Every structure is written in C-alpha cells, then in structure tokens.
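Just below is one structure, and these are the notes that go with it.
A short reminder: the numbers here are calculations on the coordinates, not readings from a lab. What you see is a predicted model, and the numbers here were worked out from it, not measured in a lab. With ideal geometry, Cβ positions are generated from the backbone for all residues, glycine too; neighbour counts draw on all protein chains shown.
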Amino acid sequence: MEEASGMVIVGGVRGGALTTDERTAIAAAVNVILYHCEVERTVGKMKAVVRARRKVTALPSSGEGLDLGGVSDAVLQVCYAMGSDAFRRATPRWWMKRRTGGTWEDLRQCDDTTDEYFRDKLRMSPRVFREIGETLSPYLQRRVTFYRVPLQPDHIVAYALYRWASGETYDIGTCSFGIGRASGITAVRDVTATLLAAYPDKIPWPTGLQKAVVLRAFADKGFPDCHGCIDCTHIYIDKPANANGEDYCDRKRRFSVQAQVVVDMNLRVYDIFVGYPGSVHDMRMLHLSCLWERAESGQLFTSPHVMLPFAVRTNGYLLGDNGYPQSEWIVVPYEGLAQHPTEAWFDNKQKTARGAVERAFGRLKGMWRLFLRTHKCNMDTLPQQFIAVCILHNILIGGGIPFDDNLLWEVGPDGVRRRVDLGMHAPLRSVCMESSTGDTLILRDALAERMGAQ
C-alpha cells in the first residue's frame with residue numbers, strides 16, 4: 001500500500017498519505033464524472049419520452065380520420081414560416097399593440113396603426129406631419145459637433161407638437177421622447193419661431209376668392225357682407241413670477257392671459273391678438289389691437305357696399321357678443337326682457353352664426369390641450385406659442401383633419417364627466433356707450449328688418 005500510494009518525484013518514490021490539495025483534486029474529478037453521467041442519463045430519458053410522444057402522435061386518429069401527426073407538423077411548419085418572415089405580413093393588426101422604443105420610435109413606424117397613433121399623439125396624419133416637417137427642416141437643421149449628434153428636425157417638430165397636444169410638462173413629456181428638459185424648451189422655442197417664419201400667410205385677412213367664400217357662408221346665415229365673428233378666450237396659467245398677480249386674475253379668480261381672435265364659418269382664424277392679462281376687458285382688448293386701428297382707418301373692410309333696408313349701406317362688419325360696443329363694423333345682439341319678435345328672431349340668428357367662434361375655440365383648445373389647462377409658462381413666449389398653434393389649427397382644417405368631439409369632455413376630480421372650460425366668459429352686462437346711437441345702431445336694425453322681410 002505504501003508503494004501504491006507513493007508519489008514519484010524526480011525518479012524517486014515518496015511514501016505516506018495524500019495531501020489536502022491532492023484529495024481535493026481527486027474529489028473534484030469524481031464530481032465531474034458523476035455530473036456528466038447524470039446529464040447523459042437525463043438526456044436519454046428525455047429522448048425516450050420524445051420518441052414515445054412521436055409514436056403516439058403518428059398513430060391514425062379515429063372519428064373524422066384526421067392525421068393528428070400531419071396536422072401537428074403542418075401547424076409547426078406554418079408557425080415557423082411566419083416566425084421566419086416566409087409569409088410577409090404587410091401590417092400589424094388593430095389588436096396588436098406595437099411598442100418599441102418610446103413615443104418617438106413608435107411614431108417612426110410605417111404601418112396601418114401609425115395613422116391612429118399620429119392622430120392621438122400629434123393630432124394629425126403622417127402625411128401632414130411630413131409636409132410640416134419638410135417645410136420647417138431648413139430652419140431646424142443642426143450641425144454635427146464633437147460633443148453630440150444633434151436631434152433631427154422631424155424629432156424636434158414631433159416633440160413640440162406632442163407637448164402642445166398632450167399638455168404635459170417638460171419633466172413628464174421628455175421621458176418618452178428622449179429629450180432632456182433643456183432640449184425640450186429649446187425645441188418648443190425653435191418650432192414656434194420657425195412656424196411663424198415658414199407660414200407668414202397662414203393667418204391672413206381673407207382676400208380674393210377666399211374672401212368670397214367667407215362672405216357667401218355668412219350670407220347664407222342671413223348676414224350679407226359679414227367678414228367673421230370676434231370673441232376672446234382666457235389661457236389659464238400659473239401665477240406668473242415677477243408680475244402683479246392681480247393683473248392676471250380674471251373675474252373667476254383664475255390667472256390667465258387674454259386672446260382675441262376673428263374666425264369665419266369654417267372655423268379658420270383670420271386675426272389674433274394675444275398677450276394681455278386676464279383682467280383686461282374684451283372691449284379694452286379690442287381698442288388695444290391693430291384690428292381696431294385698421295377698421296377705424298378704413299383699411300380692414302374694402303369690399304363694395306351692400307344696400308340694406310332703410311337705405312343703409314355697409315362694406316363689412318363682424319359679429320360679436322354684448323361684451324363689445326355696437327359700432328359701424330361690429331354687430332351685437334339686442335337682448336333684453338321685452339323684445340319685439342323681430343329682435344328675438346335676429347338675436348337667435350346672430351347667436352347661431354356667432355357660434356362659429358365657440359366651435360373654433362373648442363377645436364383649437366381641444367386639440368392643443370396645453371392651452372386648455374392651467375400650466376406654468378414663459379410669459380415672453382406664450383403669445384408666440386398660441387399664434388403657432390393657431391397656424392397649425394388652420395393647416396389642419398385645410399388638410400381635412402377631422403376633430404374628435406370627445407376631446408371636449410373630461411372627467412373631473414369628483415369622477416363626473418363634463419365639458420371642458422374653454423375660457424370664454426359671457427359678459428355680465430351689455431356694454432353701453434354714448435356713441436352707440438344713430439348710424440351705429442341703424443346697421444343692426446337694417447339687418448333685423450332684412451331678416452324679417454325674408
């Protein structure tokens with residue numbers, strides 16, 4: 001035993017027991033052998049089970065006489081072919097939710113789910129988005145530097161549209177787009193500036209054929225030579241920093257900024273004036289705007305005169321509520337408790353036609369929900385952003401993008417579903433001015449008489 005257990009070292013034999021390292025090495029070798037034997041035994045059992053199942057599957061079935069083995073093989077082959085793209089599937093189906101790398105990566109997919117996804121996230125179709133992106137790309141192109149690869153123009157445009165459409169803050173909305181807060185602020189600012197530069201004629205006063213279409217639409221409603229409807233809306237904001245909060249507090253005790261717009265029957269915006277605090281009255285907004293200066297100087301309404309009853313001539317006017325004074329170019333309703341039937345009929349027709357401005361605000365704010373909710377904003381860029389979304393508003397109307405009325409409803413904190421607040425404050429009382437006599441009132445009377453005669 002001593003000779004058997006001895007270790008040969010440099011031609012000699014050393015007797016004695018095995019060392020600790022030697023016993024450890026032998027034990028490890030034995031464990032490896034046992035492990036391999038166990039693996040081989042397990043694999044053998046699995047192969048036997050598979051062979052048994054194949055024999056059972058290959059047996060002919062009773063009843064309808066179907067070959068279950070053949071059917072199983074066929075199903076496996078079809079699944080394999082689909083998985084290996086042997087059968088090219090054009091697009092995912094509606095019940096399949098495709099999510100790859102966030103909102104921006106999903107928007108870049110090209111299949112039949114993209115249209116609906118674009119309308120939900122960006123309020124437009126991929127075609128309209130590509131047209132806008134191609135128009136803005138020359139203004140948004142960035143140079144590659146040693147520090148980083150710049151964002152592509154379509155990525156910048158998509159983020160700005162997503163922020164305006166969703167109403168999310170920078171901290172929340174940047175995660176799915178892969179844009180940091182600073183880059184998000186820069187993207188919105190750049191897209192705002194480029195929209196104003198690339199579409200200088202998207203908020204024009206109607207002229208030519210467009211003007212004829214506008215006048216015809218209002219004439220069909222009983223208002224010949226009418227150029228549009230005028231009204232104001234409040235854009236709700238957080239209390240602005242470094243400013244007097246009382247100036248921005250409206251009569252509902254909410255902080256807001258006023259926006260005055262003129263729209264036609266197709267809800268297009270043709271004039272906009274925005275930026276004054278929410279405490280400013282609608283009439284004051286009108287007097288501060290360029291619209292008042294152009295109308296009073298005779299530069300706004302230049303169409304040929306139209307003859308009305310009582311030998312009244314008019315070459316253009318707007319429809320407004322009683323928050324505006326009756327003038328030679330703004331027609332407001334009569335209102336009052338004891339109205340003549342002609343006056344009541346006129347007020348009903350005037351309110352129906354003037355409803356275009358409320359529908360325009362509903363579509364505008366319903367799609368671009370950032371201006372529907374209270375949010376923290378930069379007071380220096382807010383007016384430009386609102387003008388930018390008005391440009392988008394006109395582009396989408398021209399592109400035939402429909403509006404989902406469900407966007408005008410939301411669930412409140414109490415769980416009750418109600419219509420959203422569009423920020424349109426009805427006047428508490430009619431504006432009475434000493435100048436609203438004589439020639440300024442005769443226009444409304446002539447229109448009411450014309451409606452009664454018809």
| Residues of type lysines that Lys252 reaches as a straight line, Cα spacing below 16 Å, ignoring anything fewer than 8 places off in the same chain | Lys239
| Nearest 20 debye, what's the magnitude of the dipole of the range 331-454 about its Cα centre given +1 on Lys and Arg Cβ and -1 on Asp and Glu Cβ? | 480 debye
| field | For the range 208-453: relative contact order, % (alpha-carbon pairs under 8 angstrom, 6 or more apart) | value | 24 percent
| field | Extended-chain gain in nm, criterion 0.36 nm per residue less alpha-carbon gap, Tyr117 and Lys351 | value | 80.6 nm
| note | Expected sort for Met307, Met379, Met367 with the fewest Cβ neighbours (10 Å cutoff) up front is Met307, Met379, Met367
| Cross-link partners of Lys351 among lysines (Cα-Cα below 16 Å; sequence separation of 8 or more within a chain) | Lys221
| In whole percent, what relative contact order does the range 196-262 give with Cα contacts below 8 Å and a gap of six or more residues? | 26 percent
| query | Taking the Cβ-Cβ separation of Gln141 and Arg181 as r and a Förster radius of 22 Å, what is the calculated FRET efficiency to the nearest 0.05? | reply | 0.45
| field | Global geometry of the range 179-284, whether rounded, prolate or oblate, following the gyration tensor of its Cα atoms and the 1.5 cut on a/c | value | oblate
| task | Can you bin the range 245-350 into rounded, prolate or oblate? Criterion: square roots of the alpha carbon gyration tensor eigenvalues sorted a ≥ b ≥ c, rounded for a/c under 1.5, prolate for a/b above b/c, oblate for the rest. | result | oblate
| note | For the range 208-453, whose charge dipole is built from +1 on Lys and Arg Cβ atoms and -1 on Asp and Glu Cβ atoms, the candidate among Leu319, Gly298, Ile235 with its Cα farthest towards the positive end is Ile235
| remark: Taking a label point 7 Å from the Cα of Phe310 along Cα-to-Cβ, the residues of the range 203-247 whose backbone nitrogen sits under 20 Å from it are 222-227
| What is the distance, in nm, between label points placed 7 Å from the Cα along the Cα-to-Cβ direction at Glu131 and at Val39? | 6.5 nm
| task | Could you work out the local net charge near Val269, counting Lys and Arg as +1, Asp and Glu as -1, over the other residues with Cβ closer than 14 Å to its Cβ? | result | 0
| message | If I model a spin label as a point 7 Å beyond the Cα along the Cα-Cβ vector, how far apart are those points for Gln454 and Asn242 in nm? | response | 5.4 nm
